[in-house]
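Some notes on the structure that comes next.
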Amino acid sequence: QVQPVESGGGLVQPGGSLRLTCGVSGTISGIYAMGWYREAPGKQRELVAIFTSLGYKKYADSAEGRFTLSQDNTTNTVYLQMNNLQSEDTAVYFCNGVRVVYDPSKPLVIWGQGILVTVSS
């Protein structure tokens, strides 16, 4: 029922910026710890940016200083601002949530369907 849906991907030139949006159908604050992962061509899914606790964020080394994770609890929306994009950022990006409130009837981890970001000149 809590289904992330990504938007905002597309084609961008190196050095450009995109903002990915993850809309969630239900409340996430206090229930899911949200973040973003990506799958580059020929590579496994990897962490990009996640909330690890209140006010704390973890970024991949490659994203640190270029990407910014944020969340708006009034709209149940998670954002990933991506600046100075490079070709190695090309990937399918997935919105992710890890449940922090016990409920065996609900999935522990939720995923969006993924959205493609292509960085190319």
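The values are calculated or read from the model by the stated rules, or taken from the named source; none is laboratory data. Worth saying up front: this structure is predicted, and the values here are computed from it rather than measured. Note that each Cβ is placed from the backbone with ideal geometry, even for glycine, and that neighbours are counted across all protein chains shown. The accessibility values were calculated without ligands, DNA or RNA, using every heavy atom of the protein model including side chains. Shrake-Rupley method; radii C 1.70, N 1.55, O 1.52, S 1.80 Å.
What percent antiparallel are the DSSP beta bridges of the chain, to the nearest 5? Before the final figure, lay out the partial values.
Values: 38 of 41 bridges.
In the chain, approximately 95 percent of DSSP beta bridges are antiparallel ones.
Here the accessible area of the range 1-40 is 47 percent carbon and sulfur, with a 1.4 angstrom probe and all protein chains present. Counting heavy atoms of the protein chains alone, LEU47 has an accessible area of about 40 Å² for a 1.4 Å probe.
Rounded to the nearest 0.05, what FRET efficiency is calculated for VAL98 and GLU64 with R0 set to 30 Å and r the Cβ-Cβ distance? Walk me through the numbers before you get to the answer.
Numbers: r = 21 Å, r/R0 = 0.69.
E between VAL98 and GLU64, to the nearest 0.05, is 0.90.
In this calculation the C-beta distance from SER87 to LEU47 is compared with R0 = 22 Å, giving a FRET efficiency of 0.65. Rolling a 1.4 angstrom probe over the protein heavy atoms with all chains in place gives the chain an accessible area of 54 Å² per residue.
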